[in-house]
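So the structure is just underneath, and the comments pick up after that.
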Amino acid sequence: MSTYREHILDGASPVELVVALYDGIIRFLYTAIAAVERGDVVERRMAVKRAMDIMIHLQARLRMDIGGRPAQVLSEFYASMFALTLQASQSASKERFEAVIECVRNVRDAWRQVATEQTTQRVVNLPVCQPTGYEGEQASRWTA
């Protein structure tokens with residue numbers, strides 16, 4: 001028997017599936033924040049692992065041979081979010097988790113816009129994302 005989430009994703013477009021994966025990252029990062037607030041190290045680590053597994057999955061599915069510069073930029077984005085998530089977990093920092101959520105949400109919203117518009121001809125400018133507290137790191141313009 002399929003779960004409600006699985007049923008919702010039946011018939012979803014590839015872009016809608018990407019949006020759902022971003023939603024999963026955000027959901028697991030909020031779970032990690034809740035675990036930090038409770039002092040639950042095991043739950044925090046489990047939630048972080050699940051969020052990072054999704055990031056790895058998204059990065060591994062990029063087609064660099066046909067995706068060109070947008071694929072490269074997304075690859076760098078996933079690597080950055082992976083590293084920031086790991087730092088947030090190591091320091092058990094709610095603020096750092098929130099910074100990652102902000103960046104992931106911004107890119108997710110751009111993908112959601114693509115899904116809504118149902119077009120593959122348009123290049124979407126993803127928002128600049130420089131999490132607060134990370135001065136010195138250069139923000140980039142993400143495109144997909």
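Observations on the model:
- For segment 44-68, residues that are among the basic types (Lys, Arg) and either surrounded by 15 or more Cβ atoms within 10 Å (Cβ to Cβ) or more than 20 Å from Pro14 (Cα to Cα) (or both) total 4.
- Identity of the residue in segment 83-117, touching a Ser or Thr at 6+ places or on another chain (Cβ under 7 Å) and farther than 17 Å from Ile54 by Cβ, that ends up modelled with the highest pLDDT: Ala99
- The sole residue among Leu86, Leu74, Leu62, Leu58 that is over 12 Å from the mean Cα position of the chain (by Cα) and closer than 17 Å to Val18 by Cα is Leu62.
- Only one of the listed residues (Gln72, Gln59) is modelled with pLDDT under 95, over 22 Å from Glu102 (Cβ atoms) and of a type in the set (S, T, N, Q). That residue is Gln72.
- Ile25 fulfils the conditions (1) at pLDDT below 95; (2) part of a helix (DSSP H, G or I); (3) under 18 Å from Pro14 (Cβ atoms) except for a single criterion, (1).
- Tally, over segment 58-94, of residues that are free of Cβ contacts under 8 Å to residues at least 40 places away in the same chain, over 16 Å from Ile25 (Cα atoms), touching a helix residue (DSSP H, G or I) at 6+ places or on another chain (Cβ under 8 Å) and not polar (S, T, N, Q): 5
The values are calculated or read from the model by the stated rules, or taken from the named source; none is laboratory data. Quick caveat, the model's predicted, so the values are computed rather than measured. Note that we place each Cβ from the backbone using ideal geometry, even for glycine, and neighbour counts take in every protein chain shown.
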